[in-house]
Amino acid sequence: MDWKKLLPIAGIILLIYVLWRFDPGKILAVFSTVPPFYAALCFLSIIPFLLVVNLEWQILLKKQHINVSYRYSLKNYFIGYFYGFITPGGLGNYLRALYLREESNTPLPKCISNILTLNIIDLIALFLISSIGGVFLLGQHPYLFLISLMALISITAIFIFFIRQNKSKRLFEKLLQTQIFQTAQRYMDDPIETFYEDLPRFKDLRFPFLISLLSYVVFFTELHLIAQLFGITVPYLSLFFMFAISATVATVPISIHGIGTRDATLIALLSTYSISPENSISFTLFWFTVFWVTPSIIGAFITVLEHKKLPPKKTCTASYQETKSI
């Protein structure tokens, strides 16, 4: 048996176990207490978050001279949601580079490096907040700081490795040979060196990093407000850092968008405030629906429309070189 194939569904198995342990009737009862109007209003909460993170991405796009409109990059975000939703660990998110390539007439490796830079910045911001949260909750959960700090150090080391062309070029070539990127390989006729073209310097990343921190403040503040609907009354800062820590655990690539791992972590953290598991699991399922399922469905429709624009042949390199020579 190939255990590597089973690993991505570990989170789903964990979620099933969590649901099995608790009373489904009580979980449904918690949902029934949420006013329908406010529940519907919650589905609009993804908009402020996306507007902020899209601004961050636009800055990075401009730094690498990848020219697409704010409206298009927002559409591309939804495409990433869709591909990320249907692939383990959300790795399919990088397939949106194919659509970015066609819209901007930029080499595919350069588009991938741009999205990778964006994702790493967001992870560093998340792990930094999580590390601060580990200190804040040190008295209740002394192990959380160590976990968050190790995650922060690891992703920072990966980023330093990534920007060193002589070190990471071979790894990137192997990455493109994986199953996730088989679709991208059919369009890959650009030199691998373009992966490092116009790569932002550290000082160029300061403003995008601050915006990334702001996006998490917006996101976790919205979650704090939504949590009130599910009877989760925890002080703002404590809940803020709990969200960051559970989101950090959810980045472990053993599930689809953190299904199961996020739920189990948040249940354990909220139990210190005497929040019932049924309230916690109801909230995390609603959180997942609002912030992952819904934009993924929207992304599926956008992907179908945008996929028609992908050319059957590899035509980007010549036109890109012509553009560069002008």
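Among 280-291, 201-212, the peptide with the highest mean count of other Cβ atoms within 10 Å heads the list, and the full ranking is 280-291, 201-212.
Using Cβ point charges alone (K and R +1, D and E -1), the dipole size of segment 16-114 about the Cα centre works out to roughly 180 debye. Projected onto its three principal axes, the C-alpha set of segment 21-157 covers 53, 40, 26 Å, listed from the longest axis down. Loop-resident chymotrypsin sites (Phe, Trp or Tyr not before Pro) (DSSP state other than H, G, I, E or B) in segment 125-162 with no more than 16 further Cβ atoms inside 10 Å of their Cβ: 143. The alpha carbon convex hull volume per residue for segment 34-97 rounds to 102 Å³.
Every read-out reported here was derived from the displayed coordinates using simple, explicitly stated rules and does not represent laboratory data. As the structure is a computational prediction, the values presented were derived from the model and not from experiment. Neighbour counts run over all protein chains shown; Cβ positions are idealised from the backbone, glycine included.
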